[in-house]
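Asker: Pasting a structure here, questions to come.
The values are calculated or read from the model by the stated rules, or taken from the named source; none is laboratory data. Note that the structure is a prediction, hence the values are computed from the model and not measured. Ideal geometry is used to build each Cβ from the backbone, glycine not excepted, and the neighbour counts take in all protein chains shown. Accessible surface areas use protein heavy atoms only, side chains included; no ligands, DNA or RNA. Shrake-Rupley method; radii C 1.70, N 1.55, O 1.52, S 1.80 Å.
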Amino acid sequence: GIKVVTIGGGSSYTPELVEGLIKRYGELPVQELWLVDIPEGEEKLNIVGALAKRMVEKAGVPMKIHLTLDRRQALRDADFVTTQFRVGLLDARAKDESIPLKYGVIGQETNGPGGLFKALRTIPVMLEIATDMEEFCPDAWLINFTNPAGMVTEALLRCSPLEKVVGLCNVPIGMQMGIAKMLQVEADRIHIDFAGLNHMVFGLNVYLDGENITEKLIQQFLSGEKSGVTMENIVDLGWEPAFIEGLKILPCPYHRYYYQTDRILDEEMEAAKTKGTRAQVVQKLEADLFELYKDPDLAVKPPQLEKRGGAYYSDAACRLIHSIYNDKGDIQPVNTKNNGAIQGIPADSAVEVNCVITKDGPKPITVGELPVPVQGLVQQIKSFERVTVEAAVTGDYNTALVAMTINPLVPSDKVAKQLLDEMLEAHQAYLPQF
Ligand code: NAD
Ligand code: G6P
Ligand code: MN
Ligand code: MN
């Protein structure tokens with residue numbers, strides 16, 4: 001049978017993963033699910049773990065749920081390890097988002113200065129996990145969700161001995177679902193050629209039943225005030241029609257931070273005054289979710305979880321594990337080593353691209369050069385990601401300042417330094433390398 005270990009098991013998203021595993025038990029017999037957390041997360045782990053046990057029992061599936069704070073013990077002989085943890089919890093995210101706003105900069109926990117700091121906090125922990133895996137389950141696959149997933153995957157590919165590493169995000173599947181809903185068709189009739197980086201991915205072509213509908217779709221996409229393709233955590237302002245017509249490919253929701261910087265900043269400044277930053281909104285959502293999870297009569301994933309940005313993430317995780325386990329050879333967008341698939345991005349870097357999924361892992365489908373209008377931004381973000389990984393691993397101040405300054409959301413070297421200093425101070429407890 002299959003043993004899955006989930007690090008950050010106390011996450012409020014865990015019931016979605018459990019639901020996904022229950023649904024697929026026939027083809028993917030996961031007999032053991034180990035949920036791992038740390039002392040700060042123990043209360044959440046116990047609540048969500050008890051719900052997971054009720055879900056499994058109600059479904060009548062022989063999957064045993066283990067709860068533990070002992071990561072090394074849990075990892076022993078694992079087949080798949082999924083990671084979904086948050087170093088410093090939501091309080092750290094609140095700082096990532098609110099400190100930059102004081103300087104008129106979008107914080108963004110994956111793409112902006114917030115993403116830089118989330119990477120600095122997370123990458124050292126992830127590399128320790130990789131070391132433990134080498135020792136206790138060297139043949140296991142590591143499937144990473146922990147954000148910033150692109151940079152975390154980059155660090156694992158370049159700075160750890162693990163080879164069996166895949167990064168996952170729900171944005172591609174979310175775009176597919178959004179388009180299917182817009183066209184009122186089943187999602188499996190839609191195919192998208194994805195290429196780029198995590199939270200910097202483009203849909204180069206969209207097909208309905210094999211027919212290329214990209215141009216038609218772009219017209220439809222632009223006819224309303226909202227694009228209809230978004231995530232719960234990103235405001236859907238709609239795109240300037242002539243821009244997208246000219247671009248001829250589909251941006252992902254995270255491209256708003258780059259192509260609509262001033263508009264998004266205005267929205268975030270306004271939101272911070274009223275409902276708070278996204279971290280504060282999520283803190284309330286999470287508190288409500290855990291109240292629901294405590295109900296001993298609840299034995300399914302509650303629909304309220306759909307208010308979180310991570311919708312469908314368990315579908316992405318389960319279908320990936322399923323295809324590796326069953327050597328399926330189907331196509332899925334994942335974060336993996338580029339190996340020449342996208343020209344102009346280093347071969348050893350992580351890219352988010354459609355891959356054929358086999359028992360030996362993802363095989364990226366060759367893309368060649370990205371379209372000229374987006375090529376430069378993708379390369380710039382890859383530079384930011386690589387410099388960030390170097391800063392995370394070395395703890396070098398100047399390297400961190402270079403990363404901050406070359407992020408397109410940061411206006412100057414001076415602002416970058418002020419931001420860096422204030423954020424280093426605020427996050428000190430979680431940055432032992434600095
Ligand atoms: P959360 O704040 O609930 O954190 C999850 C758990 O991680 C907590 O219970 C916490 O105690 C635990 N944790 C913290 N440090 C840990 C450590 N060193 N070892 C083990 N556990 C640790 O977070 P969340 O909102 O559920 O999100 C979890 C992670 O998944 C975040 O990094 C988030 O950005 C990411 N995420 C990614 C995607 C994606 O598309 N890739 C989608 C949704 C969420
Ligand atoms: C999207 C992204 C995730 C991100 C999440 C935030 O789904 O793909 O990588 O973590 O949204 O959602 P939240 O509800 O935490 O704001
Ligand atoms: Mn086994
Ligand atoms: Mn994501």
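Asker: Quick one: is residue 312 at pLDDT 95 or above and either surrounded by 16 or more Cβ atoms within 10 Å (Cβ to Cβ) or closer than 26 Å to residue 6 by Cβ (or both)?
Answerer: Working: at pLDDT 95 or above: no; either surrounded by 16 or more Cβ atoms within 10 Å (Cβ to Cβ) or closer than 26 Å to residue 6 by Cβ (or both): yes.
In short, no.
Asker: Does residue 312 qualify as being on the phi > 0 side of the Ramachandran plot, in contact (Cβ under 8 Å) with a residue 12 or more places away in the chain and of a type outside the set (S, T, N, Q)?
Answerer: yes
Asker: Of all the residues that make up the stretch 8-23, how many are away from ligand 4 (no atom under 16 Å from the Cβ) and open to solvent by 10 Å² or more (accessible area, probe 1.4 Å)?
Answerer: Of the residues in the stretch 8-23, 3 are away from ligand 4 (no atom under 16 Å from the Cβ) and open to solvent by 10 Å² or more (accessible area, probe 1.4 Å).
Asker: Please indicate, with yes or no, whether at least one residue in the stretch 404-417 is within 22 Å of residue 123 (Cα to Cα) and open to solvent by 70 Å² or more (accessible area, probe 1.4 Å).
Answerer: Within the stretch 404-417, one or more residues are within 22 Å of residue 123 (Cα to Cα) and open to solvent by 70 Å² or more (accessible area, probe 1.4 Å).
Asker: How many residues are part of a strand (DSSP E or B) and aliphatic (A, V, I, L, M) if we restrict to the stretch 1-55?
Answerer: The first filter runs over the stretch 1-55 and keeps only residues part of a strand (DSSP E or B), leaving 2-7, 30-36.
Add one more test, that the residue is aliphatic (A, V, I, L, M), and what stays is 2, 4-5, 7, 30, 33, 35-36.
Adding up the residues that qualify gives 8.
Asker: Restricting attention to the stretch 75-90, which residues are more than 16 Å from ligand 3 (Cβ to nearest atom) and not in a helix (DSSP H, G or I)? Walk me through how you get there before you give the answer.
Answerer: Just the residues of the stretch 75-90 that are more than 16 Å from ligand 3 (Cβ to nearest atom), to begin with: 83-90.
83, 84, 85, 86, 87, 88 - these are the residues of the stretch 75-90 that are more than 16 Å from ligand 3 (Cβ to nearest atom) and not in a helix (DSSP H, G or I).
Asker: Residue under question is residue 328, and the condition is that it be surrounded by fewer than 19 Cβ atoms within 10 Å (Cβ to Cβ) and within 15 Å of ligand 1 (Cβ to nearest atom); does it hold? Reasoning before the result, please.
Answerer: Numbers: surrounded by fewer than 19 Cβ atoms within 10 Å (Cβ to Cβ): yes; within 15 Å of ligand 1 (Cβ to nearest atom): no.
When the stated conditions are applied, residue 328 does not pass them.
Asker: Confirm whether residue 26 is surrounded by fewer than 16 Cβ atoms within 10 Å (Cβ to Cβ), at pLDDT below 95 and out of contact with any helix residue (DSSP H, G or I) (no Cβ under 9 Å at 6 or more places or on another chain).
Answerer: yes
Asker: Could you please let me know if residue 104 is open to solvent by less than 10 Å² (accessible area, probe 1.4 Å), modelled with pLDDT of 95 or more and among the small types (Gly, Ala, Ser)? Break it down stepwise before answering.
Answerer: Numbers: open to solvent by less than 10 Å² (accessible area, probe 1.4 Å): no; modelled with pLDDT of 95 or more: yes; among the small types (Gly, Ala, Ser): yes.
No.
Asker: Can you find even one residue in the stretch 253-268 that is within 16 Å of ligand 1 (Cβ to nearest atom), open to solvent by 30 Å² or more (accessible area, probe 1.4 Å) and outside any loop (DSSP other than H, G, I, E, B)?
Answerer: no
Asker: Restricting to the stretch 161-196, and then to whatever is in contact with a strand residue (DSSP E or B) (Cβ under 9 Å, 6 or more places away or on another chain) and of a type in the set (Gly, Ala, Ser), can you tell me which residue is modelled with the lowest pLDDT? Write out each step before concluding.
Answerer: Taking the stretch 161-196 as the starting set, the residues that turn out to be in contact with a strand residue (DSSP E or B) (Cβ under 9 Å, 6 or more places away or on another chain) are 162-169, 171-173, 175-177, 179-180, 183, 185, 189-196.
Next cut, of a type in the set (Gly, Ala, Ser) only: 167, 180, 195-196.
Numbers: 167: 98, 180: 93, 195: 98, 196: 98.
Per the stated criteria, the residue is 180.
Asker: Residues to consider are 367, 378; find the one that is open to solvent by less than 20 Å² (accessible area, probe 1.4 Å) and in contact (Cβ under 8 Å) with a residue 60 or more places away in the chain.
Answerer: Numbers: 367 fails: open to solvent by less than 20 Å² (accessible area, probe 1.4 Å).
Just a single option satisfies the conditions, and that option is 378.
Asker: Okay, moving on. Of the residues 155, 119, 140, 180, which is touching a helix residue (DSSP H, G or I) at 6+ places or on another chain (Cβ under 8 Å) and closer than 27 Å to residue 50 by Cα?
Answerer: After ruling out the rest, the residue left standing is 140.
Here's the yes/no breakdown for (1) without any contact (Cβ under 8 Å) to a residue 12 or more places away in the chain; (2) open to solvent by 10 Å² or more (accessible area, probe 1.4 Å); (3) within 15 Å of ligand 4 (Cβ to nearest atom); (4) closer than 30 Å to residue 125 by Cα:
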residue	(1), (2), (3), (4)
141	no, yes, no, yes
148	no, no, yes, yes
156	no, no, no, yes
171	no, no, yes, yes
187	yes, yes, no, no
